[in-house]
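Values quoted throughout were computed directly from the atomic coordinates according to the rules given, and no laboratory measurement underlies them. Being a predicted model, the structure only gives us computed values, none of them experimental. Reconstructed Cβ throughout: ideal geometry from the backbone, glycine too, with neighbour counts over all protein chains shown.
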Amino acid sequence: MLLLSVATPAEAYEVAGGVSLGGMLVGTLPRFAVSPHAALSWRRESGFSFGVDELCSILPGTGKLGVGVYNQMSAAFGYAWKDGDVRMGPSFSVYAMPACGATLCGRVVGLSPGGHAQVNVYVAGPVGVSVRANVDWVGGRSLVLPGGFVAMLVAGPVFRWRSM
């Protein structure tokens with residue numbers, strides 16, 4: 001009897017999610033944001049990881065312009081270890097939110113490309129802290145804002161489920 005064994009690379013995937021609090025600077029005014037997020041990532045035994053992240057920032061309504069939504073999706077590469085991971089990559093955002101320029105406030109709606117970076121550190125088993133930064137290019141023909149950058153930084157708890 002002949003036994004054959006095929007070596008397969010060790011891989012694992014994990015699902016993570018949480019809610020972060022932070023701020024977003026669009027135009028001239030910073031805005032508070034509540035940002036639920038979810039991610040699906042794959043990691044190799046070497047530590048190399050790839051992840052798809054979804055972050056939906058809700059900007060509570062202030063004044064007559066109402067609530068804003070900034071939904072950002074990214075595909076990022078990075079490095080993972082037992083108690084955390086770091087990833088960076090391109091992103092794509094869809095938004096509808098109030099914003100103020102130098103002379104006018106109004107609602108802006110659109111699509112934007114950008115970049116994403118995040119660090120997750122797990123301090124108590126599946127419970128950890130997530131810090132995310134996004135920079136997007138907002139262009140178009142808005143009377144409120146000329147084309148420019150949107151920067152966002154959010155931090156909060158994250159929970160993960162891992163397969164091994």
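If each Cα of region 94-163 is one equal point scatterer, what is log10 of I(q)/I(0) from the Debye formula at q = 0.28 Å⁻¹?
-1.20
Relative contact order for the chain: what percent, with Cα pairs under 8 Å and sequence separation of 6 or more?
Once divided by the residue count of the chain, the mean separation gives 22 percent.
Around C100, what is the net charge, scoring Lys/Arg as +1 and Asp/Glu as -1 over all other residues with Cβ under 14 Å from its Cβ?
Its environment carries a net charge of +3.
Tell me, what are the semi-axes, in whole angstrom and largest first, of the equivalent ellipsoid of region 48-101 as set by the roots of 5 times the Cα gyration tensor eigenvalues?
32, 11, 8
If you check each cysteine of the chain for another cysteine whose beta-carbon is under 4.7 Å away, which ones come up empty?
Cysteines of the chain left without a disulfide-compatible partner: C56.
With equal scatterers on the alpha carbons only and no solvent term, can you work out the Debye log10 of I(q)/I(0) for the chain at 0.08, 0.10, 0.14, 0.19 1/Å?
Results for the chain at q = 0.08, 0.10, 0.14, 0.19 Å⁻¹ read -0.29, -0.42, -0.71, -1.10.
Assuming a viscosity of 1.567 mPa s and a temperature of 4 °C, what translational diffusion coefficient in µm² per second does Stokes-Einstein assign to region 19-58, Rh being the Kirkwood radius over Cα pairs?
Approximately 107 µm²/s, per Stokes-Einstein.
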